[in-house]
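Just below is one structure, and these are the notes that go with it.
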Amino acid sequence: MRKKIVAFGEVVWDILPEGKVLGGTPTNLVFRINSFGEEGHLLTRIGDDELGQQVLFRLGELGISTGDVQVDFEFPTGTVHITFEENHEPVFHVTPDVAFDHIEFSAESLILVRQADCLFFGLLPQRFGISKNTIRELIRESPSSLKFFDLKLFKHFFNVNVVENLLRSSHIIRVKEKEIGFLSKQLNFVEGSLEDFGEQLIQKYKVEMVLITRGAKGVFAFHKEQGAFYDDGYLVTLKDNIGSGMAFSAGFLHYYLRGRSIHESLSFGNAAGALNATRTGATSSFNKDEVLQFMKQNREA
């Protein structure tokens, strides 16, 4: 039976130098988790505008259900202007106060999350009251689902109280290694190793596991009982990093929700993220078999 993953948050048009591409962390996760054979649901909100209609059309092309996409008659569809640093890392400039900031709590969303194996959420939709309150209610009303908090930082928004409330409500946290220094200062941690950071998160907020994506260096996990796990990076020809974090998270969840070990889940997620980085954009097409083949070829090299 397929696992049901509900991803709450933004759907946006990423405005790149070469044109616009449908994006948003939850959107990218749902696309990738579907490609691995699971049942992903996108719980989001778009504007009643041309960009919103284009979102619905593109979601259909990507095989993502639009049944849980709300339509807003006041606020526009979200957009993100993306530039790139010298090391190819994307920089996101997010338009404020758009439709995904106003996702409403509804009977349909309540039923959806209560049936979910995993509820996935990030920081960006917590900028304003409506979406922020909605995710809190959905977390409270879905006690049996695994809570996965993708703690990706955005330069224009960081609220310690919001972050700490979400941390206390989460089972698994995903962070980028390059953002650990900032987070450690904001959360009053003693800076140290990856193990130190993971242990402090677990002790202070009672989470079960911390996942750290490390770019070319691979990935790391720290579990409250099983301790530290590392998986080295792959030597690949990089196209771009957009969507690699969500490819990792989708790969990890695909294995972990099916009872595979942390090591196996981490390894598969790592390979999915690396393979994604060899393609352009977050919604390039590949499936589980292609990830397994990538692992075999690259580990043997």
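Readers should treat all values here as calculations from the given coordinates under stated rules, not as data from a laboratory. Source: prediction; values computed, not measured.
Return the subset of LYS178/LYS239; LYS3/LYS152; LYS152/LYS217; LYS152/LYS206; LYS20/LYS185 for which the Cα-Cα distance in this structure is over 29 Å, preserving the input order.
Table pairs above 29 Å Cα-Cα are LYS20/LYS185.
What area, in nm² and to one decimal, does the C-alpha convex hull of the stretch 79-179 cast on average over all directions?
Approximately 7.0 nm², given one-decimal rounding.
For LYS224, go through the aspartates and glutamates and keep the ones whose alpha-carbon is under 20 Å away, minus same-chain ones fewer than eight residues off.
Filter leaves ASP150, GLU164, GLU177, GLU191, GLU195, ASP196, GLU199, GLU208, GLU264.
Sum -39500 (n - 2.57) across every DSSP H segment of at least 4 residues in the chain, then divide by the residue count to get the 222 nm mean residue ellipticity, nearest 500.
The helix contribution divided over the chain gives -11500 deg cm²/dmol.
Of ALA282, ALA216, ALA250, which is the most mobile in a GNM of the chain whose springs link Cα atoms less than 10 angstrom apart?
It is ALA216.
Under a GNM of the chain (C-alpha, springs under 10 Å), which listed residue has the highest mean-square fluctuation: ARG140, ARG214, ARG45?
Residue with maximal mean-square fluctuation among ARG140, ARG214, ARG45: ARG140.
Rounded, prolate or oblate: which one fits the stretch 208-286, using the alpha carbon gyration tensor with axes a ≥ b ≥ c (rounded when a/c is under 1.5, else prolate when a/b beats b/c, else oblate)?
Since a/c reaches 1.5 and a/b is larger than b/c, the shape of the stretch 208-286 is classed as prolate.
Gaussian network model of the chain, Cα springs within a sub-10 Å range: biggest mean-square fluctuation belongs to which of LEU51, LEU167, LEU211?
Residue with maximal mean-square fluctuation among LEU51, LEU167, LEU211: LEU51.
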